[in-house]
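Undergrad: Here it is, the structure, as structure tokens.
The values are calculated or read from the model by the stated rules, or taken from the named source; none is laboratory data. The model shown is predicted, which means the values in this text are computed figures rather than measured ones. Don't worry about glycine lacking a Cβ; one is built from the backbone with ideal geometry, like all the others, and counts go over all protein chains shown.
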Amino acid sequence: MEKGSDGLRERLLARLPQPENVAAYREEVASMLAKHNKGLTAEKWSNYILGACVVWLLAVSNSTWGPNLDSTAQHVLQVFAAVFFFLLGVGSLKVYNHRNQMEVLKEVKQVQLQVLELQASLRKDGAE
């Protein structure tokens, strides 16, 4: 078990950025955060659309907007609205979770960049 964890440790340490590559790593982090932000925006919009579908289904099933429907059709639409409402709740929790993960990731990357800058500064001062 220790041998496997040592291999994992070595692989993780091998992926750490070097202080010489701070500018490239900063750009990589910025593009990664932008990509995650786009995904979060897409999730939010899908929730908005799903919420609009729930409102529309409930309005149609109550015959306040649209044609008069028989009771079976109204119940089917209400069941669809309930399922979509459940999916909307799950999607909202997903967006909340991803937003919090993004905040933690931003903080971690900010600290990591500060450490890299300090390491680069120390190496520069040590070389002089």
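Undergrad: Is at least one residue of segment 47-54 under 13 Å from the mean Cα position of the chain (by Cα) and in contact (Cβ under 8 Å) with a residue 40 or more places away in the chain?
TA: Within segment 47-54, not a single residue is under 13 Å from the mean Cα position of the chain (by Cα) and in contact (Cβ under 8 Å) with a residue 40 or more places away in the chain.
Undergrad: Count, please, the residues in segment 63-96 that happen to be hydroxyl-bearing (Ser, Thr, Tyr) and either modelled with pLDDT of 90 or more or in a loop (DSSP other than H, G, I, E, B) (or both).
TA: Result for segment 63-96: 4.
For every residue, the table says whether it meets (1) within 26 Å of residue 113 (Cβ to Cβ); (2) surrounded by 13 or more Cβ atoms within 10 Å (Cβ to Cβ); (3) in contact with a strand residue (DSSP E or B) (Cβ under 7 Å, 6 or more places away or on another chain).
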{"residue": "22", "(1), (2), (3)": "yes, yes, no"}
{"residue": "47", "(1), (2), (3)": "no, yes, no"}
{"residue": "52", "(1), (2), (3)": "no, no, no"}
{"residue": "78", "(1), (2), (3)": "no, yes, no"}
{"residue": "82", "(1), (2), (3)": "no, yes, no"}
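Undergrad: Here's something else I'd like to know. Inspect segment 112-128 for any residue being assigned to a loop (DSSP other than H, G, I, E, B) and free of Cβ contacts under 8 Å to residues at least 24 places away in the same chain and give the result as yes or no.
TA: Yes, there is a match, as at least one residue in segment 112-128 is assigned to a loop (DSSP other than H, G, I, E, B) and free of Cβ contacts under 8 Å to residues at least 24 places away in the same chain.
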